[in-house]
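The values are calculated or read from the model by the stated rules, or taken from the named source; none is laboratory data. As the structure is a prediction and not an experimental result, all values here were calculated from the model. With ideal geometry, Cβ positions are generated from the backbone for all residues, glycine too; neighbour counts draw on all protein chains shown.
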Amino acid sequence: MDLVLGIPADQNADLRGQMYLPDYLSENLNRYARLDGKPLLGKEMLMTNAASTPTTRSMLPTPSLVFSFLLAIILVLTWSASNKVKLILDRILFTIVGLAGILMLFLWLGTDHQATKENWNVLWASPLYLLVLPFLKQSNHIFSKILLWVIFVGSALVFLAGISCHSSFM
């Protein structure tokens, strides 16, 4: 979800934006008083004691573990598999990343969602990957080399400029 959110979603909430966050709303309303000097809110009541609720650890693997495992599989296949398997793997990865780029670009330019504007993840998850797909068999094709260099430069700009692509990277 965080990948499709743009720069506006990373900004700190102002007082108006904090009205929708219960902890901040309570904290802000406790600072104000009515015209007669009495507090705006009444006495704080504890509705439930969260500390008494037992927490259980999920048996499901974490996303970091799952994606680390996928990365290991992809790296092993990249170095040890035949060219046919590498071609299939490249087509799968380029398709997934290209479709993700189309989704991000659509949410940025094709909708009115303010939180998805200015999403610089489009530079590394580029829809241009889909244009490279037909030329993957031809490793020396000039069009695919140019597109891959454009994608590489866009990815490098994202990381070198310090743009926050995803909170787990920072």
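Worth a mention:
- Against the numbered list (1) surrounded by 15 or more Cβ atoms within 10 Å (Cβ to Cβ); (2) at pLDDT below 80, Pro127 comes up short only at (2).
- Breaking point among (1) within 30 Å of Leu93 (Cα to Cα); (2) not in a helix (DSSP H, G or I), for Thr78: (2)
- Sub-9 Å Cβ pairs linking a first residue in the stretch 32-45 that is closer than 19 Å to Met19 by Cβ to a second residue that is in a loop (DSSP other than H, G, I, E, B) and basic (Lys, Arg), at least 6 apart or interchain, are Leu40/Arg31; Leu40/Arg34, ordered by first then second residue.
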